[in-house]
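Below is one structure, written out as structure tokens; comments come after it.
A short reminder: the numbers here are calculations on the coordinates, not readings from a lab. Model, not experiment: these values are computed from the prediction. Cβ atoms come from the backbone with ideal geometry, glycine included; neighbour counts cover every protein chain shown.
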Amino acid sequence: MLSNLAITVTVFLPLLGAGVIALIPKRSEEAAKPVALVTSILGFVLSVAILIGYYAGPAGGQGLAYQVNVPWIPAIGANYHVAIDGISMPLFVLSYLLVLLCSIYAYHHIEEPGKPKAFLALMLMLQTGMAGCFIAFDLVLFFVFWELVLVPMYFMIGIWGGPRREYAAIKFFLYTLFGSVFMLVAFLALYFNAPERTFDILALQEAGGAGAFGRQFQILAFLGIGLSFAIKAPMWPFHTWLPDAHTEAPTVGSVLLAGILLKMGTYGFVRIALPILPEGAQFWAPTIAVLSVIAIIYGALCCLAQTDLKRLIAFSSVGHMGFVMLGIASLTPVGINAAIFGMVAHGVITGMLFFVVGSIKERYHTRAIAEIGGGVLQTMPRMGAIFTYVAIASLGLPGLAGFWGEIFALLAAWNPAPALVDAGYLTLFRVLVVLGAFGTVLTAGYFLWMLQRVTMGTAPERWTEHRLPDISPLEWGAWSPLLVLIIVLGFLPFLIFALTTPDVNAILAVFTGGA
Amino acid sequence: MTDVTTIDWFALAPELSLLAGALAVLLVELFLRPERKRLVNPIAGVGVLVSLAFVVALALDGQVRSSFGQMFVVDNYALLFKAFFLSTALFVLFLSYRYFTEIRTYQGEYYFLLLSSFVGMLLMPSARDLVMIFIALEIVSIPGFVMAGLRKFDLRSNEGSLKFFMFGVLSVAVLLFGLSVVYGFTGTTDLVGVREGLAALGEDGREPLLLASLLFVIVGFGFKISAVPFHFWAPDTYEGSPIPVTAFLSVASKAAGFAGLLQVCFVAFEPLADVWAPVLGGVAIATMTLGNFTALQQRNIVRLLAYSSVAQAGYMLVPFALARPGGGDINDAAFAAVLLYLLAYAVTNIGAFACVVAVTRQLPARQIDDYAGLGSTSPGIAVAFTVFLLSLAGVLPIAIGFWAKLYILIPLVVEPTAGSIVLAAAVVVNSLVGLFYYLFVAKRMWMDPATETRDRLRPGLALSFTVGVLAVAVLALGVFPPPFTEPASRSTLTGDTAAAETAQAE
């Protein structure tokens, strides 16, 4: 069917756009901006069309749709197998939305040394890698998209980043690559140990569900795959690349890094590690849960200690992703649904936070909280109000998007999967929930304290004299969809839950059926 | 047995036409005025193209042909290599055109020597006889000694050339001695005959002298492919040679060495694989580790690429360590892995040297620091060079280098043994080490500002074409590798394939 090509077209469209941008002569470099904008509008429209088609089409809003499966590298049995389901869909659409908003934002501001042509071409390349990850159903293909993300982000941080950009870029690159090596080895191990040698995720899922892999093998393979995803997510103690990368990256880089790249790790757990290696997942779930709660508390404590605004937001990501991982570690449908909701919410909210912080930095030329010295509500009333709104969403106020992922993750961990209860981990999980709940209080604490230091109080004279420009129309354009989404998802969480629940249940049949 | 005196002229046509091209170059140059001497480059190009046309015709013909008895065979494997060598020759000609026009020395001689060397390369994959392999190896090497010294005005060129010559002669002597002992034991120089002879010797017949002679042969080839510890000539020679010659030495000449090693190891010495495989495994680890760690400290781009090419030879040696006597499948996989890696490496490395040639026109010092700011002055070359470097690093699945490395890793983990796990770990660790210096150059180009203002590079048409075509090839094959992987896995000389071919030829 021709319509099945839709996701292929959508995924590679940005790459085509990047190619077109590369052909633009250097003297008319500004022309890259409209090209990127048109490409990302097209991509977003297509992704929304795919979403609508998913509901209206034969799939009826559940199971796989738009499936294409053709041989790609016959010699190693790798196929070009792409499809989309309810788990991929929210992240897939979100990635196109964020790239669209970033290309609008690029009209407003690109960090030194400018060069919109190279910057936007890299951004579009990044888009192909990110979106491809969410639709790949072949391990080799997944790996290709996974690594494709690395190069543009490396250059984005390394060229347009802050003062310590080179260090941050290479750290990001090597950390991810280090994990990838283990992932690749684990993928090869899966390939050779499967009853029928294959890289196909669905076939491996079936084999994994039928108990084709031994327990010892599952534990080792899960460790290999999980290590790579844990670095990307990032899970404490593998998070140390993140504050550097986020802090030094240009605004657009930070937004995409927080909005989408981190989700590739947690998505990988849900899509690959859990269903293929259920026993491995059960073995490691308590460890993951403990590390997640450490991440929540540790992230919050680090945030309290930060003097750099952007670094503070970066550490808040560690905590938020901790909730996502806690949901996954519960191995229950509620937990996974909460995790996916948390991923989307974090993408929307933290993406938005990085936009605002980027804009504040652009005006103040500093990220140091002490330098800003408070009173953003006075110098730029609208910016201050928006910042307050998004920060409060991020701390998990009920009625805004940040709430649902966290509360359901905690609820799910209170009643983890039967297999975990049987193994005697119930008390552990309940203790962790209490600690995690304490973490939400800390989160509220550091965000409110940050607001107090940044937005409130009297602005120092040197800033009031400057007459800093408030939010520009372009910024409104880039931000308003996210601002609306924060409140829409807060009031109508079932928009995401309805999409994910059937497929999450299907994937977790392994656990409920097996236990 | 076929009549040794019958000659299949069609099978020999590629070699003969290339030889004719070489002689035409030498003759025509005499009659050209100095400023028009650069015209010999297109003449050489025509010779290569005619030869390539014959190779294509032979491939379409599809028949296994032989001449001089079984000494010279044209089969899938030979044709793959011939097509590969001739394409390399074309790109080396593109690289040479402007370079030699500008240094204005010995143009006729250079192109004659270059084509002569390629004649030897065409002979190499067809040679199925120890004597023939030796002759091919010499035809490849001797013009190389002279070409390396063509920059006579530069002391380093003289030094490099002399080192190359001394090492070359020494290793050839050792090789020849090894071959003569093997002949003594088996009574034949035919590769398949040697295999049968060695197999017939059995366990008891493994005398120390025989095993030592195997190592002598390996040493001979080890020099050609610059494996540690026979690599000392490489960095100095690469640095001193004209850069197109460096590209030629690091790709074509090395590939010829690998072709010979493949034939000798996987066909003739196959029954003794349990002896030479671990040795080559050790050499592989030493080669890649030493190459990579030394490359880390280089500040001269040509020396960096020289050590990088030493390290790459190490990766290519890894599959040799998997060979087993009578191990059909695993030998097949190992053989295909070497072929694929060789092809991928060639495409990438020629591209990288083309970029170096382009930069050296403006900045002859060849320092890595000269590449600072290249990303803003000449983004095209910088993008292509980044692609080549990432492909050489071979860790990202967007360039052909990654798939080549995966092909080497897969046979290692199919049936893991202690040895293969050590090798796999060595490949992985070395790839990460390699990434450091490849990325370092990329970082220089993109993230550091230029030390002084400078103009955009003007590489000229031939060079831009080479860089562009190769960069696109590296990326396109990185996305869709089958055009590379399929011919490589169909063109092995091991196991059943070889047996079938021998039967067919007789």
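A few notes on this one:
- Reciprocal of mean inverse Cα separation for region B:123-178 (Kirkwood radius, Å): 12.2
- Extent along principal axes [Cα atoms of region B:1-60; Å; largest to smallest]: 54, 25, 9
- Above 17 Å, the calculated P(r) of region B:328-388 contains 50 percent of its Cα-Cα pairs.
- Sorted largest first, the principal axis extents computed over the alpha-carbon atoms of region B:77-218 equal 62, 34, 16 Å.
- Across chain B, C-alpha contacts under 8 Å between residues 6 or more apart give a mean separation that, scaled by the residue count, equals a relative contact order of 14 percent.
- Note on region A:206-254: Rg/Rh from C-alpha atoms, Kirkwood Rh, equals 1.25.
- Global geometry of region A:300-374, whether rounded, prolate or oblate, following the gyration tensor of its Cα atoms and the 1.5 cut on a/c: oblate
- Debye log10 I(q)/I(0) for the protein assembly as shown, one point scatterer per Cα, at q = 0.07, 0.10 Å⁻¹: -0.65, -1.16
- Förster-model FRET efficiency, 30 Å R0, B:ARG324 and B:LEU16, C-beta, rounded to 0.05: 0.15
- Cross-link table B:LYS163/B:LYS254; A:LYS33/A:LYS171; A:LYS115/B:LYS443; A:LYS33/B:LYS443; B:LYS224/B:LYS405; B:LYS163/B:LYS224, entries beyond 20 Å C-alpha to C-alpha: A:LYS33/A:LYS171; A:LYS33/B:LYS443; B:LYS224/B:LYS405
- Compactness of region A:344-391 is given as radius of gyration and Dmax, 10.9, 33 Å, from Cα positions.
- On Cα atoms only, tilt of B:461-479 relative to the major axis of chain B in degrees: 60
- For A:VAL293, A:VAL48, A:VAL68, order by how many other beta-carbon atoms lie within 10 Å, fewest first: A:VAL48, A:VAL68, A:VAL293
- Average Cα contact separation per residue, region B:103-212, under 8 Å, 6 or more apart, as relative contact order %: 22
- Whole-number D in µm²/s for region A:76-157 (Stokes-Einstein; Kirkwood sum over Cα pairs; 25 °C, 0.890 mPa s): 179
- With bins 20 Å wide beginning at 0, the percent of Cα pairs of chain B falling in each bin runs 24, 59, 16, 0.
- Of the residues A:ILE296, B:ILE103, the one with the fewest other Cβ atoms within 10 Å heads the list, and the complete ranking is B:ILE103, A:ILE296.
- Rg over Rh [alpha-carbon atoms, Kirkwood Rh] for chain A: 0.96
- Considering region A:136-233, its Cα convex hull presents a mean projected area of 6.4 nm².
- Cα pair count fraction exceeding 14 Å, expressed as % - region B:377-461: 70
- Once the Cα-Cα distance is subtracted from the 0.36 nm per residue extended length, the B:ARG299 to B:ASP274 segment shows a gain of 4.9 nm.
- Measuring how big region B:147-266 is from its alpha-carbon positions, Rg and Dmax come out at 17.0, 57 Å.
- Over all Cα atoms in region A:249-316, the spread is summed up by Rg and Dmax: 15.1, 43 Å.
- Ellipticity estimate at 222 nm from DSSP helix runs (n ≥ 4, -39,500 (n - 2.57)) divided over chain A, nearest 500: -24500 deg cm²/dmol
- Region A:373-515: Rg to Rh, with Rh as the Kirkwood radius over Cα pairs: 1.14
- Pair-distance profile P(r), taking every C-alpha pair of region B:244-314, with 5 angstrom steps and integer %: 4, 16, 19, 21, 18, 12, 7, 3, 1
- In the calculated pair-distance distribution of region B:301-341, the portion above 15 angstrom amounts to 47 percent of the Cα-Cα pairs.
- Region A:1-144, Cα convex hull volume normalised per residue, Å³: 117
- Translational diffusion coefficient (Stokes-Einstein; Kirkwood radius from C-alpha pairs) of region A:225-364 at 4 °C, 1.567 mPa s, in µm²/s: 87
- Relative contact order (percent, whole number), chain A, Cα cutoff 8 Å, 6+ residue spacing: 15
- Gap separating the Cα centres of region A:232-253 and region B:111-158, nearest whole Å: 52
- Short to long, the 5 Å bins of the Cα pair-distance histogram for region A:359-428 hold 3, 14, 15, 14, 10, 10, 9, 6, 6, 7, 4, 1 percent of all pairs.
- A:GLN67 long-range amide H proximity, modeled H, under 5 Å: none
- Axial C-alpha extent at least 24 Å, average Kyte-Doolittle at least 0.5 - helices from chain A (DSSP): A:6-23, A:32-56, A:88-108, A:116-135, A:165-193, A:215-232, A:278-305, A:309-329, A:333-364, A:426-454, A:473-491, A:494-514
- Placing a pseudo-label 7 Å from each Cα along the Cα-to-Cβ vector at A:VAL38 and B:LEU461 gives an inter-label distance of 3.2 nm.
- Were the residues from B:VAL469 through B:ILE103 laid out at 0.36 nm apart, the gain over their Cα-Cα distance would be 129.2 nm.
- Principal axis dimensions, region B:196-338 - Cα atoms, whole angstrom, descending: 52, 30, 25
- Rh by Kirkwood over Cα pairs, then Stokes-Einstein D for region A:192-288 at 0.692 mPa s and 37 °C, µm²/s: 227
- Spin-label model, A:LEU435/A:VAL488: points 7 Å from Cα along the beta carbon direction are separated by 3.8 nm.
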